[in-house]
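Participant: What follows is a single structure, and I will ask about it in a moment.
The values are calculated or read from the model by the stated rules, or taken from the named source; none is laboratory data. These numbers come from a predicted model, not from an experiment. So basically every Cβ, Gly included, is an ideal-geometry build from the backbone, and we count neighbours across all protein chains shown. Accessible surface is based on the protein model in full, side chains and every heavy atom, while ligands, DNA and RNA are left aside. Shrake-Rupley method; radii C 1.70, N 1.55, O 1.52, S 1.80 Å.
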Amino acid sequence: MSNPLLQSNTLPPFSQIKAEHAQPMIEQFLSNNRKKIEELLQQDSFNWDNLIAPIEAIDDQLSQAWSPVSHLNSVMNSDELRDAYNACLPLLSEYGTEIGQNQSLQQAYQQIKDSDQFAQLNQAQQTTIEHALRDFRLAGVALTDDKKQRYGEIKKRLSELTSKFGENVMDATQAWTKQVKDEKALSGLPESALGLLKQQAEAKELDGYLITLEFPSFFPILTYCDNRKLREEVYKANVSKASEIGTYDEKEANAFDNSDIMNEILQLRHELAQLLDFKNYAELSVATKMAESPEQVIDFLNDLAAKSVSQAKAEFAELKEFAIKEFHVNELQPWDVSYYAEKFRQQRYAISQEEIRPYLPIDKTLAGMFEVVERLYGIEIKEETEFDSYHDDLRFFSIYKNGSKIAQFYLDLYARAKKRGGAWMDECRVRRTTEQGIQLPVAYLVCNFTPAVGDNPALLTHDELTTLFHEFGHGLHHMLTQIDASAVSGINGVAWDAVELPSQFMENWCYEPEALDFISGHHETSEPLPKELLDKLLAAKNFQSAMMMVRQLEFALFDFLMHYNYDPAADHGSYIQDTLNRVREKVAVVPLIAENRFQHSFSHIFAGGYAAGYYSYKWAEVLSADAFSKFEEDGIFNQSTGQKFLTEILEKGGSDEAGVLFKNFRGRDPEVDALLRHSGIKA
Ligand code: ZN
């Protein structure tokens, strides 16, 4: 049988892909690529067309074949696929290191950079070469042979460790469930949550209701369930998962413990940074970002903290007072915070996420979201019915501009077993020039929304709506790019701390009456969100927003300082917890329990790309709020402002520095005021 991953496909052949195809595919591509690079380097002189274009082509082939494997591993996980995926990781990591450390290749790039032709290349091509030279340095091309070897070992080990971290989080999440037979024990839960828990029990042929640690399941318990003991149990299971004190149905407490993995990851990152002559991993992280130094990042976060902590404390004091006065609770435990916050929100604004849900049926919100971007950017989006799929929930869309197709995307919306939690956008194909013409970009958009329950269509909460807009914003950045060099096309080559600009920017439309008017429509009556609910929603928008701000700052400071201050000689195993405790003393305002092991499932920094980079969310939020303030000035559907955002930011991808692109759009450097104003923080 031929390997479907080796055929040149226009789109991934999902239905034919089997776990056993992955490794042979990777081996074949890597061997071809090595040969090809060797051949290219035999040439006497180098230019874009005879070196970089062919390298972009072989890199692209490899990522096109790998993308469905990596995607399926996230959304249709199985033991076989996970093993196959993990078997490929070290091969890819080894190859990446080898290319990054290939001195002849680096010299060939340098030759192009130093030649007269460099000035003739376009901006995207010049940035591609500059980034490549920077990345050669970061890959240790200038190191001695034994240091190069150590670099490779560290990279490979880090790739295994971060993957294992993510697996432990997923396994720990799945290994805990709680069956509740008596509906009375679940009083307070909205219908939609009860329906989901019932559905989860039925899926396992159990009576009653089944609670899991997946978000759509545990979140309603903590927010709505009157049963305090149950909230406590679910809270504790969730915050201790993947740690030495995790609790699971049948496994040992420490079955999925990430403690040692985290310590080793931190130690290796530090060693890696020092190999490359950086003082610490935070400095290495910032080397590719919009921020200019680690100190600038720390100052930025501390400044936001200084502006938010007292308001956050006041918000929490107010919540406590409410709980004491209205419910005679003498002490707020961590598992009480969301619950009373929801009660407080309902009393003050008389609104709950559940009331909004019937007005946000999935198809209406999708159509509304598409209309927003059609108005802003003059594009058109149509759903495709014929495509190769891996699950009935998967949908597929094409984007048109002036009648021609410019991009496509997959949409995988609902939470299910064996699917990684959270929401994200990933690349399937990148826009670039090929010998056959322009290759169109294709994206994967993944969410974990509450699926349809009973006869109703899937109904979103307003939070879910914002998530949908957020991921679509990433998708547009990837799909609307006009850059044809793949290394800086779409989100490629965009500094991590600016990459959340287009996504967070999109969220703003979820709060605009003019947009909500057509984004919403009751699933039975088609009536848009009534003015009364809308007013309440807007009034409630900044409810406890300083508390939310300090929580994000806690994560960001913890991540950054942990990497910045790391000293292997001073680490006696409790460094991570100590760092977190110190940050919490400074910025946390909600109660904590000793069993809180949040860091053990902090996948962003231990399994994803946000190490010493979680601050990027806040950094980019400054950019997105400030960019949106231009629309507030000009009108939220102002076409020329939309057009400018499209041409200066979305289309440009990573072809120029994020700070330059922002300034081209906004006419000045970013300012923090809009973010504080949007968040209702009176600094
Ligand atoms: Zn994002």
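Participant: Please determine whether any residue of segment 335-353 is small (G, A, S), under 30 Å from N168 (Cα atoms) and touching a Leu at 6+ places or on another chain (Cβ under 7 Å). First the steps, then the outcome.
Facilitator: Of segment 335-353, the ones small (G, A, S) are 338, 341, 350, 352.
Checking the rest, the ones that are also under 30 Å from N168 (Cα atoms) come to 338.
Add one more test, that the residue is touching a Leu at 6+ places or on another chain (Cβ under 7 Å), and what stays is 338.
Yes.
Participant: Here are E355, E331, E342, E318: which of them is open to solvent by less than 70 Å² (accessible area, probe 1.4 Å) and either not aromatic (F, W, Y) or not assigned by TED's automatic domain parsing to the domain that holds V75 (or both)?
Facilitator: E342
Participant: K148 - would you say it is basic (K, R), crowded, with 18+ Cβ neighbours inside 10 Å and either under 26 Å from G422 (Cα atoms) or in contact with a strand residue (DSSP E or B) (Cβ under 8 Å, 6 or more places away or on another chain) (or both)?
Facilitator: Details: basic (K, R): yes; crowded, with 18+ Cβ neighbours inside 10 Å: yes; either under 26 Å from G422 (Cα atoms) or in contact with a strand residue (DSSP E or B) (Cβ under 8 Å, 6 or more places away or on another chain) (or both): no.
Considered against the rule, which asks whether it is basic (K, R), crowded, with 18+ Cβ neighbours inside 10 Å and either under 26 Å from G422 (Cα atoms) or in contact with a strand residue (DSSP E or B) (Cβ under 8 Å, 6 or more places away or on another chain) (or both), K148 comes out as no.
Participant: While we're on this one: Would you be able to tell me the number of residues in segment 501-522 that are within 16 Å of the ligand (Cβ to nearest atom) and open to solvent by less than 20 Å² (accessible area, probe 1.4 Å)? Break it down into steps so the answer makes sense when it comes.
Facilitator: Restricting attention to segment 501-522, the residues satisfying the condition of being within 16 Å of the ligand (Cβ to nearest atom) are 501-510.
Add one more test, that the residue is open to solvent by less than 20 Å² (accessible area, probe 1.4 Å), and what stays is 501-503, 505-506, 509-510.
Number of matching residues: 7.
Participant: Answer yes or no: is there a residue in segment 439-448 that is within 15 Å of the ligand (Cβ to nearest atom), touching a Pro at 6+ places or on another chain (Cβ under 8 Å), closer than 22 Å to E374 by Cα and open to solvent by 10 Å² or more (accessible area, probe 1.4 Å).
Facilitator: No.
Participant: Which residue is farthest from the ligand (Cβ to nearest atom), if the candidates are limited to segment 485-500 and must be assigned to a helix (DSSP H, G or I), open to solvent by 10 Å² or more (accessible area, probe 1.4 Å) and not polar (S, T, N, Q)?
Facilitator: Top of the filtered list is A487.
Condition check ((1) open to solvent by 30 Å² or more (accessible area, probe 1.4 Å); (2) under 21 Å from V446 (Cβ atoms); (3) aliphatic (A, V, I, L, M)) across all residues:
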position: N33; (1), (2), (3): no, no, no
position: L40; (1), (2), (3): no, no, yes
position: N50; (1), (2), (3): yes, no, no
position: Q64; (1), (2), (3): yes, yes, no
position: S78; (1), (2), (3): yes, yes, no
position: D83; (1), (2), (3): yes, no, no
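Participant: Scan segment 289-301 residue by residue and report those that are in contact (Cβ under 8 Å) with a residue 24 or more places away in the chain and surrounded by fewer than 19 Cβ atoms within 10 Å (Cβ to Cβ). Quick ask: steps written out before the conclusion?
Facilitator: Taking segment 289-301 first, the residues in contact (Cβ under 8 Å) with a residue 24 or more places away in the chain are 289-291, 294, 297-298, 300-301.
Answer for segment 289-301, where residues must be in contact (Cβ under 8 Å) with a residue 24 or more places away in the chain and surrounded by fewer than 19 Cβ atoms within 10 Å (Cβ to Cβ): just I298.
Results for (1) assigned to a helix (DSSP H, G or I); (2) within 27 Å of the chain's Cα centre (by Cα), shown as yes or no for each residue.
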site	(1), (2)
S217	yes, yes
P220	yes, yes
D226	no, no
R231	yes, no
V234	yes, yes
A237	yes, yes
S243	no, yes
D257	no, yes
D260	yes, yes
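Participant: Follow-up. Residue check: is L553 within 17 Å of Y615 (Cα to Cα) and either among the basic types (K, R) or more than 16 Å from the ligand (Cβ to nearest atom) (or both)?
Facilitator: yes
Participant: Assuming K536 fulfils every condition listed in (1) within 24 Å of the chain's Cα centre (by Cα); (2) open to solvent by 30 Å² or more (accessible area, probe 1.4 Å); (3) among the charged types (D, E, K, R); (4) away from the ligand (no atom under 16 Å from the Cβ) apart from one, which condition is it?
Facilitator: Of (1) within 24 Å of the chain's Cα centre (by Cα); (2) open to solvent by 30 Å² or more (accessible area, probe 1.4 Å); (3) among the charged types (D, E, K, R); (4) away from the ligand (no atom under 16 Å from the Cβ), only one is false for K536: (1).
Participant: Run E383 past the list (1) within 16 Å of the ligand (Cβ to nearest atom); (2) out of contact with any Gly (no Cβ under 8 Å at 6 or more places or on another chain) and report the number of the one that doesn't hold.
Facilitator: (1) is the only condition that E383 fails.
Participant: Kindly indicate whether any position in segment 414-428 is in contact (Cβ under 8 Å) with a residue 24 or more places away in the chain, open to solvent by 10 Å² or more (accessible area, probe 1.4 Å), among the aromatic types (F, W, Y) and within 12 Å of the ligand (Cβ to nearest atom).
Facilitator: Scanning segment 414-428, I find at least one residue that is in contact (Cβ under 8 Å) with a residue 24 or more places away in the chain, open to solvent by 10 Å² or more (accessible area, probe 1.4 Å), among the aromatic types (F, W, Y) and within 12 Å of the ligand (Cβ to nearest atom), so the answer is yes.
Participant: Take E384 and tell me if it is charged (D, E, K, R) and without any contact (Cβ under 8 Å) to a residue 24 or more places away in the chain.
Facilitator: Considered against the rule, which asks whether it is charged (D, E, K, R) and without any contact (Cβ under 8 Å) to a residue 24 or more places away in the chain, E384 comes out as no.
Participant: So, in segment 387-400, exactly how many residues are open to solvent by less than 50 Å² (accessible area, probe 1.4 Å) and either over 23 Å from I438 (Cα atoms) or free of Cβ contacts under 8 Å to residues at least 40 places away in the same chain (or both)?
Facilitator: The qualifying residues number 9.
Participant: Say we look at segment 429-438 and pick out the residues that are among the β-branched types (V, I, T) and surrounded by fewer than 19 Cβ atoms within 10 Å (Cβ to Cβ); which of these is farthest from H478 (Cα to Cα)?
Facilitator: If we take residues in segment 429-438 being among the β-branched types (V, I, T) and surrounded by fewer than 19 Cβ atoms within 10 Å (Cβ to Cβ), then T434 is farthest from H478 (Cα to Cα).
Participant: Also, quick follow-up: Of T525, T481, which residue is open to solvent by 10 Å² or more (accessible area, probe 1.4 Å), among the β-branched types (V, I, T) and away from the ligand (no atom under 16 Å from the Cβ)?
Facilitator: Among T525, T481, only T525 is open to solvent by 10 Å² or more (accessible area, probe 1.4 Å), among the β-branched types (V, I, T) and away from the ligand (no atom under 16 Å from the Cβ).
Participant: Mind checking whether some residue in segment 525-543 is of a type in the set (S, T, N, Q) and within 30 Å of E331 (Cα to Cα)?
Facilitator: yes
Participant: Taking E464 as the residue in question, decide whether it is within 12 Å of the ligand (Cβ to nearest atom), touching a residue at least 12 places away in the same chain (Cβ under 8 Å) and either farther than 28 Å from A611 by Cβ or of a type outside the set (F, W, Y) (or both).
Facilitator: no
Participant: Next up: Give me the pairs: first residue in segment 17-42 and more than 13 Å from P54 (Cβ to Cβ), second residue of a type in the set (G, A, S) and outside any helix (DSSP H, G or I), beta-carbon distance under 8 Å, and six or more apart or on different chains, which are they?
Facilitator: A19/S78
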